[in-house]
Amino acid sequence: MKDFLFEVYTEEIPARLLNDLTAQLKTLALNRLNAYNLPFGEVRTFSTPRRLVLFIKNVEERELETKRELKGPSYEIAFNEDGKGTKALQKFLESNNLREEEIQIKEVKGNKYVFGYKTIEGRNATVILKDVALYALKNLTFHRGMRWNDSNVVFIRPIRSLLALFGNEIVDIEYAGIKSNNKSYGFFFDSPLEFVVDTPATYFKKLRELYVVLDYNERREIVVKNVSNLAKSVSGKVKFEEDFLEEVVNLTEFPTPFLCELHTDKCEIPDCIIESIVKGHLKSFPVLSSDGEKLLPYFIGVRNGSSDFIENVKAGYEKVARARLYDGAFFFKEDRKVPLDKQVEKLKEIVFIKGLGTLYDKTLRLVEIAKYLSNTIKMSKESEEKLLRACYLSRADVPTQVVREFPELQGTIGERYARLQGEKEEVAKSLREQYLPRYIDDELPETDLGKYLGIIDRLDTLVMSIASKIEFSASKDPFGLRKSALQIVQVSFALNSAQFPFENLIKYISTLIQDKEGDTTAKTVCALLKERANYFIRSKGISYDSANAVTTLPVDMLPTFLERATVLEKHAKDERFLNIVTVHKRIRNILEKGEKSVAPVRVALFFEKEETDLFESATESERLIEALLQNRDYEAIIQLLYLLVPVVNNFFDRVLVMDKEEDIKNNRLALLSKVKGIFEKFANFSEVVIEG
């Protein structure tokens, strides 16, 4: 057995893509390997900004031979009445290089067939490993690639070298006009850069000697440990955000953290701008006080390389930081001279989305949508005024110099300016909260104002875009519409109310923009919200059928979907719960077959005690459930449904629903329709799959 090593040496790969590419490489290689009969050991992948590496341990030198079963003609066709082989049999034998004594007769589904068996010799491992490497390389997916030579191959970054070794043997691979060899490269800025690899084992040892740490987790540990120690040396700490940490780690082949000073004493500048400069421009870590409440005048950079001449590197970082801080302080000072209301006027010159008007147009729409929402949910006069003001100022920071220079501060700096200019605290806070959550596990808005502003802003974007026939999909979504829908879902789950007027809001926005296909647009937007809710619920470990059971409810119930699904999942294995599902499906099936009656139940047409019992139980359950729905007490609701199920079953045992008398039949169908409606106040139980 030998080890196989495959290295793709490239120009610098974007840091945020490295971990995904590394995971893809492993999955693709494993999938391809498993298609062969070649024994192998552990499969590992590594990456740095300049290389992707596939390493397969303990690979056999040849594929195992396989025995292939060949199905031939049926016995009746292969042999005549005397038991002698026919021409059909001879043709089968000749085409597969078999002798008659090698065949077997086997019965398949009651019919006899001729079968032959052929031993296929295993291929050389190098042939298979070449295919595995090329398959994995060609099937890596990324949003944008590059062409760099006459091969016309598209890859994430230009490939400069391919190393392919099976033991000490070079595996002949060619891709993008580049032939494989046994050479690799140490740290990019060191000399000599190139070295010969004798075996996979020497590859790992030599790379480490040449300042390359292949393993992401090892580089991450180096960064976290050393950054934390440097922060402690000045009585501070660092908050590690996983996405940013991943980016910094993947910018380096050999990470070396170092401590720098921030010279902020001569400029007035808020912490958010300092953090943006340190993280965004310097890819460094701000140092917080030990309680995490304020920034200390330090930051920690991470050099890609050894600690040689680190003082020069430190001085360079501090010089850049000083210049950027002075710029930020100047922009902050100039922006405060302009009232936010005047900044709103500047939105007339800023396009929202090409073909969809300006940000000023959007601002005025948000104000109108807020008025409609306020009237619909009966907001107090004071709350309405705050919401209207928040909508009017929602994009007031976009024209500011700080946002032009630091786009990531949109909303954050708006909150700061609103406070400085005397806006009410809740209004100021909502200007930042409207953009939350930024990613799936981010914080959510705390204030109702921030939640409402975030929802109606994104709804406006969705309706405008979909009405304008902007196409989007999971793989291509240039305006982030699916993300906007997911953000609406996440914020909705944080609402205190059990319902929110999504459908009417969407239709109202359609009328504002004079959408001639408003109903179609509304259906598309509602379906998108439900689909994203379904995705989010399943991302929490909840089964697909529990998610389906709640996301088929009306979209206005969206704020409660997650809670409902959580309770469903909790009870999914309870036998009483399975009885609910069975009863609900039975009622639906009966109603689908019978005439769908919308008439109210008539007690005078009850002729059986079980009809009265079911009606009284259903009426009482309905009354109790309505109150429980307002309190979002879904655990209590399901307990009530447990009590209702035996009454329904007793009704089915003793009463013939499809009575010969039309009035009686329709009345019983109406009663079942009432019961079905009670179940569906909680969930569409017919979506739940009963296993076995």
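Points worth noting:
- The residues listed here are A329, A315; of these, the one that is among the aliphatic types (A, V, I, L, M), assigned to a helix (DSSP H, G or I), over 28 Å from Q410 (Cβ atoms) and not assigned by TED's automatic domain parsing to the domain that holds F188 is A315.
- Where a residue in region 208-230 is without any contact (Cβ under 8 Å) to a residue 24 or more places away in the chain and its partner, wherever it lies, is among the β-branched types (V, I, T) and outside any helix (DSSP H, G or I), with Cβ under 9 Å and at least six apart: V224/V238; S228/V238
- E616 being part of a helix (DSSP H, G or I), over 30 Å from Y544 (Cα atoms), free of Cβ contacts under 8 Å to residues at least 24 places away in the same chain and not assigned by TED's automatic domain parsing to the domain that holds A549: yes
- Scanning region 681-692 for residues that are more than 29 Å from the chain's Cα centre (by Cα) and under 13 Å from S621 (Cβ atoms) returns a single hit, K681.
- Residues (surrounded by fewer than 21 Cβ atoms within 10 Å (Cβ to Cβ), touching a helix residue (DSSP H, G or I) at 6+ places or on another chain (Cβ under 7 Å) and closer than 20 Å to T252 by Cβ) located in region 1-21: A15, R16, N19
- In region 1-101, counting only helices (runs of 4 or more DSSP H) that sit wholly within it, the ones holding 3 or more residues that are over 42 Å from the mean Cα position of the chain (by Cα) span 75-78, 87-95.
- Where a residue in region 483-508 is at negative phi and its partner, wherever it lies, is surrounded by fewer than 20 Cβ atoms within 10 Å (Cβ to Cβ) and assigned to a loop (DSSP other than H, G, I, E, B), with Cβ under 7 Å and at least six apart: Q487/P437; Q490/P437; Q490/L444; V491/L444; A494/L444; A498/R632
- Yes/no for A136 being in the same structural domain as N37 (by TED's automatic domain parsing), part of a helix (DSSP H, G or I) and either surrounded by 14 or more Cβ atoms within 10 Å (Cβ to Cβ) or touching a helix residue (DSSP H, G or I) at 6+ places or on another chain (Cβ under 9 Å) (or both): yes
- In this structure, I56 does not qualify as at pLDDT below 90 and either farther than 28 Å from F155 by Cβ or assigned by TED's automatic domain parsing to the domain that holds L30 (or both).
- Of all residues in region 324-339, those that are more than 19 Å from K279 (Cα to Cα) have Cβ atoms under 6 Å from Cβ atoms of residues that are not polar (S, T, N, Q), 6 or more apart or on another chain, in D335/V402.
- Condition check for I173: closer than 23 Å to D3 by Cβ, surrounded by 15 or more Cβ atoms within 10 Å (Cβ to Cβ), modelled with pLDDT of 95 or more and touching a strand residue (DSSP E or B) at 6+ places or on another chain (Cβ under 6 Å): yes
- The numbered conditions (1) surrounded by fewer than 15 Cβ atoms within 10 Å (Cβ to Cβ); (2) not assigned by TED's automatic domain parsing to the domain that holds D172 are all true for T141 except (2).
- Here V153 meets each of (1) modelled with pLDDT of 90 or more; (2) outside any strand (DSSP E or B); (3) under 27 Å from K57 (Cβ atoms) with one exception, condition (3).
- Of the residues L628, L672, L641, the single one that is out of contact with any Lys or Arg (no Cβ under 8 Å at 6 or more places or on another chain), part of a helix (DSSP H, G or I) and closer than 21 Å to P559 by Cα is L628.
- Qualifying residue in region 164-180 (condition: closer than 29 Å to N304 by Cα and part of a loop (DSSP other than H, G, I, E, B)): yes
- Of all residues in region 304-311, none are in a helix (DSSP H, G or I) and under 24 Å from E408 (Cβ atoms).
- Elements of the type helices (runs of 4 or more DSSP H) sitting completely within region 505-601 and holding at least 3 residues that are closer than 26 Å to G454 by Cα and within 30 Å of the chain's Cα centre (by Cα): these cover 518-539, 544-551, 561-571.
The values are calculated or read from the model by the stated rules, or taken from the named source; none is laboratory data. Predicted model, so just to flag it, every value in this text is computed and none were measured. In this analysis, Cβ positions are derived from the backbone assuming ideal geometry, glycine residues included, and neighbour counts consider all displayed protein chains.
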